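Every number in this text was worked out from the coordinates using simple rules, so none of it is lab data. Being a predicted model, the structure only gives us computed values, none of them experimental. No Cβ is skipped: glycine too gets one built from the backbone with ideal geometry, and neighbour counts run over all protein chains shown.
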Amino acid sequence: MSLIGRFIDQILPVGSITLIQADGSRGTYGPGGGKSITVKLHDRRATFELFRNPRLKLGELYMDGRLTIEDGTILDLLELIVGAQPWEQGGRKALGKGKAGKLKSLFRRNPVGKARSNVAHHYDIGNELYALFLDDDLQYSCAYFTNPKNSLEQAQADKKAHIAAKLNLKPGQRVLDIGCGWGGMALYLNRVADVDVLGVTLSEEQLKIAKKRAADAGVADRVKFQLIDYRELDGRFDRIVSVGMFEHVGAAHYDEFYSKCRELLTDDGVMLLHTIGKLGGAGTPDPFTDKWIFPGYHLPSLSQMCSSSEKVRMIVGDVETLRLHYAYTLRHWLDRATKKRAEIERLYDARFFRMWEFYLAGGIVMFESGAACNFQVQYVRDRHATPITRDYMFEVEKKYREAEAGAKPAPAKKSRGAGKKVAAKT
């Protein structure tokens, strides 16, 4: 326990943590002066495991019920640890493995077969889970908050308008949606801009819902969905949009991704890439998230994205960094998931809920105080492909919002599929 105590003293610039051992003894560590949290370790080995690998074991011990928060939530604990010293202030004691881990992450391979199994690990655990905490359109990516007080539904609608405006769409164009999820973005683009869309996914569960939604809307001839890896596609598209997919590409495949996108994009085409990103340089994946939530993922730095896109002469037409929007989004998701805890535990079990709770809470602190953000990057092959000022984005975004406000689409949750009752994988 003294080792853990000294470790806490090093990582906490403010606040304190009281640790209760399995035998009932306790000690309080940290400088004090801020938030205080009490944590109970329920077996002797938990102390050693936590000290040996805190980045992985904190989440696993909580998930397994071997570590509990006695006077708050897991979010309170993570806010204390990460929020006490935001990334931009520097000087935080790292909990990772250092340069060796960074090198390993850069060379991890994500071929087609492995990419499919990684996607299935997260997205094919049942649509019903996602319907419990996402918005009505099942948007599973960072929303866009024009006001932090906006509802999740409003922020997700505004996100779609924000992205669509950056694509500079024209009626009749052919659009590719790489990583289309449950089809919400593809259906939106068709609805507001009169374009034809092909959405591709590696999730069979998502594909079922997306196809049904297109059929229900009477646009299955114009909005099509396919179970295929983007690397296996042929043809050319006037526009490419990809929202929340690039995180799964893997750093070793960035050159391949941009090369394929250039191949698929028409000479005067426009591409909009929306991805979680990392402030500063390249880092290592969070071990808990990599093992339990998104195997094979990697968060890109802006410099990594630029380095790979420049090799194939994809011109960066516009860049926007969404600094806090995902934190707002995740707070909505965590609040909704917590309110649906009984239903989630019925579908899976209590261990799965704690795993999901830790994942969402960890995401909140990562975006509020850690090194995470969201990038929206527009790419063109020809420098003349878009207007020379950004005015068109604001004008079209306003038009799309007004159009949607007057004719709200039927929510996707009404056509959700049955969930699968599974436990967290081991």
- Over what distance in Å are the Cα centres of segment 279-328 and segment 24-48 separated? 34
- Mind checking segment 176-277 for trypsin sites (Lys or Arg not before Pro) that DSSP puts in a loop (not H, G, I, E or B) and that have at most 13 other Cβ atoms within 10 Å? ARG236
- Note on the structure: Per principal axis, largest first, the Cα atoms of segment 30-86 extend in Å by 30, 21, 19
- Message: Can you tell me what share of the DSSP beta bridges in the chain is antiparallel? A percent to the nearest 5 is fine.
- Response: 50
- Note on the structure: Counting only residues 5 or more apart in sequence or on a different chain, those whose built amide H sits under 5 Å from that of GLY277 are CYS373, ASN374, PHE375
- Task: Of all alpha-carbon pairs in segment 148-206, indicate the percentage at a distance above 15 angstrom.
- Result: 51
- Message: Suppose only helical runs count, i.e. DSSP H with n ≥ 4. What mean residue ellipticity at 222 nm does that imply for the chain under -39500 (n - 2.57) per run, divided by all residues and rounded to the nearest 500 deg cm²/dmol?
- Response: -13000 deg cm²/dmol
- Normalise the Debye intensity by I(0) for segment 281-390, one equal point scatterer per Cα, no solvent, then take log10 at q = 0.10 Å⁻¹ and round to two decimals. -0.43
- Once you list every other residue whose beta carbon is under 15 Å from the beta carbon of ALA337, what net charge do they have if Lys and Arg are +1 and Asp and Glu are -1? +2
- Task: Could you tell me which of LEU198, VAL82, VAL270 has its Cα farthest along the dipole of the chain towards the positive end, charges placed at Cβ (Lys, Arg +1; Asp, Glu -1), taken about the Cα centre?
- Result: VAL82
- Sparse-neighbourhood loop sites, chymotrypsin sites (Phe, Trp or Tyr not before Pro) in segment 237-267 - DSSP loop, at most 13 other Cβ within 10 angstrom: none
- Counting Lys +1, Arg +1, Asp -1, Glu -1, what net charge surrounds ALA165 among other residues with beta carbon under 10 Å of its beta carbon? +4
- Message: List the residues, sorted by chain then number, that are 5 or more residues from GLY126 or on another chain and whose placed amide H is less than 5 Å from its amide H.
- Response: LYS420
- Message: Taking amide H atoms as placed 1.01 Å from N in the peptide plane, list the residues 5 or more away in sequence, or in a different chain, whose amide H sits under 5 Å from that of GLY317.
- Response: GLN378, TYR379, VAL380
- Item | Rg(Cα) / (2.2 N^0.38 Å) computed for the chain, rounded to two decimals | 1.01
- Residue by residue, what Karplus-based ³J(HN,Hα) values in Hz, rounded to whole numbers, does segment 218-229 have, using 6.51, -1.76 and 1.60 with θ = phi - 60° and x for Gly and Pro? x, 10, 4, 7, 10, 10, 10, 10, 9, 8, 7, 6
